[in-house]
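Below is one structure, written out as structure tokens, with a few remarks after it.
The values are calculated or read from the model by the stated rules, or taken from the named source; none is laboratory data. Remember, it's a predicted structure, so these values are computed and weren't measured experimentally. Positions of Cβ are generated from backbone atoms using ideal geometry, with glycine treated the same way; all protein chains shown enter the neighbour counts.
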Amino acid sequence: MGELLLKNISIRYGRQSVIDDFDLRVADGEMVSILGPSGAGKTTILKAVAGLIEPAAGEIWLDGRLINAIPPEKRNTVMVFQKPLLFPFLNVSQNVGFGLRMHGLAASEVNGKVQNILELTQLSGLEHRKVHELSGGQQQRVSLARALVLKPALLLLDEPLSNLDANLRHQMRELICKIQEKTGITTLFVTHDQTEALVMSHRVTLLLDGRLRQVGTPQELYYEPIDKVVARFFGGVNFFDGRFRNGCFRTVFGDFTLPKVAGNGHPMTATIRPEDILISTVNEFDLEGRVERTHFEGMATRVWVSCRGRRLEVLAGRGEYYPGQAIRLRLPSDRLRVFPPEEN
Amino acid sequence: MKMPTRYILTGMVIFVVGLPFCQLLIWSFSDRWFYPGLLPQAWGLRAWQYIFGTAGNQIIFAVFQSVAVGAATAGIALVVGFPAGRALGLYAFRGKDLISVLLTLPVIVPPLCVAMGLHLWFIRLGLTETFIGVVLVHLTFCLPYAVFVMWGVFSNYNPDFEDQARSLGADTARVILRIMLPMTLPGIVVASLFSFLLSWSQYLATLIIGGGKITTLPVILFALMASGDRPVAAAVSIVFVVPAFLALLLSARYLGRKSMAGVW
């Protein structure tokens with residue numbers, strides 16, 4: 001079991017408010033990420049759940065038990081920090097067995113469990129290595145093993161992959177997902193990397209400026225952002241205004257028939273992802289445009305198009321595009337996302 | 001470092017440190033040694049016989065007295081210096097600079113002034129000619145060093161290790177014993193050693209506050225030096241240096257462990 005419930009959590013450092021009224025529910029066995037830029041207060045939330053920081057207000061429930069007043073060592077949560085933080089005076093197996101010894105387990109039992117977890121985290125054979133003899137990736141795996149061996153109700157991961165190079169990060173990502181699937185440990189992890197959050201989590205919580213902006217599945221956050229800020233965070237670049245009139249969303253690019261009609265007559269902002277815009281060099285679409293510049297990105301070519309006095313960014317598949325070229329665009333209505341304009 | 005350079009450097013260190021010792025050794029085994037003789041005219045064990053025989057009890061007592069004062073000073077300096085260093089190294093608070101200046105004061109003010117000033121107070125408090133009085137006056141010199149060393153240690157210390165241990169199930173006592181102490185051990189050894197050696201070599205302050213009642217080794221050594229008996233003074237000097245040298249050798253293994261500095 002490991003159901004986490006955060007109710008109206010507010011955290012302050014001195015007089016400065018870091019987290020304001022934060023709510024979150026993580027179901028048993030779920031992997032939820034808290035995504036946000038540096039300084040958004042992600043780690044602070046994790047530390048509060050781990051018991052290392054006391055929230056100024058709010059309640060933290062784990063498995064139906066209010067744990068605000070319970071010290072970190074008795075919470076049944078384990079936090080893995082951004083740095084591996086392996087104790088330098090202990091070897092690998094001693095590091096992994098540290099928590100078990102703190103919980104008063106007999107040496108034989110500790111050894112058995114340590115062996116099992118080292119196997120699961122692909123560290124067998126490194127038991128007697130000193131910490132400084134390990135590579136960065138190995139250190140982070142030991143750190144993960146040290147937490148997993150305790151089988152906590154809730155595993156808290158604080159950007160455990162951010163110190164690794166791209167290749168290792170990819171491997172570790174796979175490993176964490178595999179282990180999480182196998183053990184079913186409820187996991188709350190923090191990252192500033194949107195790809196990581198989208199790939200690894202069942203649900204993503206977007207935290208901006210200490211406030212929760214949107215919670216949902218990776219697809220929901222990516223394709224159905226609730227506002228311009230969320231859309232922009234996930235790489236949204238094409239924004240344009242329009243108004244709903246008689247069931248139609250009227251914009252500079254034409255009228256769109258949208259399934260949901262809200263705010264009739266009021267100005268609204270629409271967005272469409274660059275990869276959702278259809279582009280063609282022949283006259284098959286009705287919107288005329290001219291290529292301003294292009295950027296080859298390997299899997300696609302990013303094309304900046306001026307169209308009806310605006311600029312749209314399009315991700316095009318294989319094809320030849322060059323500045324000054326006349327092209328045609330289509331903005332599929334079902335890919336359009338409309339929300340109230342940004343509050344200033 | 002290249003091997004030949006290393007040998008030359010080691011040789012130079014041995015030469016600079018070892019030569020005065022040779023001189024002392026020769027003096028301690030000489031009976032008569034007058035100018036311009038390069039070596040003593042007569043060799044003998046008179047000085048050593050004096051130390052282990054005639055003045056044996058007095059010197060043994062002085063050694064114990066010095067060790068006791070040194071150990072008590074180092075112990076208290078560490079007990080106070082450790083938390084003080086942690087506070088100064090890890091936290092930002094008002095008056096940190098002022099504390100730094102106050103800590104430096106006893107180090108830069110001549111020991112004679114400090115001891116003379118404290119003497120009046122100690123007389124009023126009844127601390128003169130007492131063991132505690134001597135330890136307290138030694139602390140005025142040793143405590144700043146202990147605090148400075150631990151300040152340095154904690155400036156490079158990552159307290160996240162403690163949070164990590166706590167999250168893994170360690171309570172406060174275990175965090176201190178299993179994490180904080182092992183991580184700061186080299187600093188603890190250096191601070192203790194500094195304090196012990198500083199106390200070990202204190203003469204003036206011991207003489208003023210101890211008033212001749214607390215006879216540590218330097219007090220005896222200076223008395224013998226003043227008497228003009230060079231062979232005996234040389235032998236006492238060797239007795240004076242050996243324990244300090246042993247303490248340094250024993251702690252060298254801890255000082256070499258860079259991996260335990262807690263800097264990650």
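For first residues located in the range A:95-117 and within 20 Å of A:Q139 (Cβ to Cβ), partners that are among the charged types (D, E, K, R) and lie 6+ apart or on another chain with Cβ distances below 7 Å form the pairs A:N95/A:R146; A:V96/A:R146; A:F98/A:R146; A:G99/A:R146; A:L100/A:K113.
For the range A:33-66, enumerate the residues that are part of a helix (DSSP H, G or I) and among the small types (G, A, S). Before you say what the answer is, go through the steps one by one.
Taking the range A:33-66 and keeping what is part of a helix (DSSP H, G or I), we get A:42-50.
Across the range A:33-66, the qualifying residues are A:A48, A:A50.
Looking at this structure, is A:L46 hydrophobic (A, V, I, L, M, F, W, C), within 14 Å of chain B (Cβ to nearest Cβ) and without any contact (Cβ under 8 Å) to a residue 40 or more places away in the chain? Criteria not met by A:L46. Restricting attention to the range A:87-103, the residues that are at the interface with another protein chain (Cβ under 7 Å from one of its Cβ atoms) and either part of a helix (DSSP H, G or I) or in contact with a strand residue (DSSP E or B) (Cβ under 7 Å, 6 or more places away or on another chain) (or both) add up to 3.
Please give the helices (runs of 4 or more DSSP H) falling wholly within the range B:107-184 in which 2 or more residues are within 14 Å of another protein chain (Cβ to nearest Cβ), of a type outside the set (K, R) and touching a Leu at 6+ places or on another chain (Cβ under 8 Å).
On the way: elements: B:111-125, B:131-155, B:160-167.
Ranges flagged: B:160-167.
Evaluation of A:L175 against the conditions (1) more than 22 Å from the chain's Cα centre (by Cα); (2) free of Cβ contacts under 8 Å to residues at least 60 places away in the same chain; (3) within 22 Å of A:G2 (Cα to Cα) shows that the sole unmet condition is (1). Determine whether the range A:255-274 contains at least one residue that is in a helix (DSSP H, G or I), out of contact with any Lys or Arg (no Cβ under 7 Å at 6 or more places or on another chain) and farther than 17 Å from A:L312 by Cα. No; the residues of the range A:255-274 include none that is in a helix (DSSP H, G or I), out of contact with any Lys or Arg (no Cβ under 7 Å at 6 or more places or on another chain) and farther than 17 Å from A:L312 by Cα. Counting only helices (runs of 4 or more DSSP H) that sit wholly inside the range B:1-103, those with at least 3 residues that are of a type in the set (S, T, N, Q) and surrounded by 11 or more Cβ atoms within 10 Å (Cβ to Cβ) are B:56-90.
Among the numbered conditions (1) in a helix (DSSP H, G or I); (2) buried (at least 19 other Cβ atoms within 10 Å of the Cβ); (3) away from chain A (no Cβ under 14 Å); (4) hydrophobic (A, V, I, L, M, F, W, C), the only one that B:I188 does not meet is (3).
Looking across the range A:184-226, just one residue is free of Cβ contacts under 8 Å to residues at least 60 places away in the same chain, among the β-branched types (V, I, T) and in contact with a helix residue (DSSP H, G or I) (Cβ under 7 Å, 6 or more places away or on another chain), and that is A:V199. The residue that is modelled with the highest pLDDT, counting only those in the range A:33-52 that are farther than 23 Å from A:A145 by Cα and in contact with a Leu (Cβ under 9 Å, 6 or more places away or on another chain), is A:L35.
Go through the residues of the range A:144-158 one by one and say whether even a single one is more than 12 Å from the chain's Cα centre (by Cα), of a type in the set (K, R) and more than 14 Å from chain B (Cβ to nearest Cβ). Looking for residues that are more than 12 Å from the chain's Cα centre (by Cα), of a type in the set (K, R) and more than 14 Å from chain B (Cβ to nearest Cβ), one finds none in the range A:144-158, hence no. Residue check: B:T130 meets all listed conditions (1) at pLDDT 90 or above; (2) of a type in the set (S, T, N, Q); (3) touching a helix residue (DSSP H, G or I) at 6+ places or on another chain (Cβ under 7 Å) but one, namely (3).
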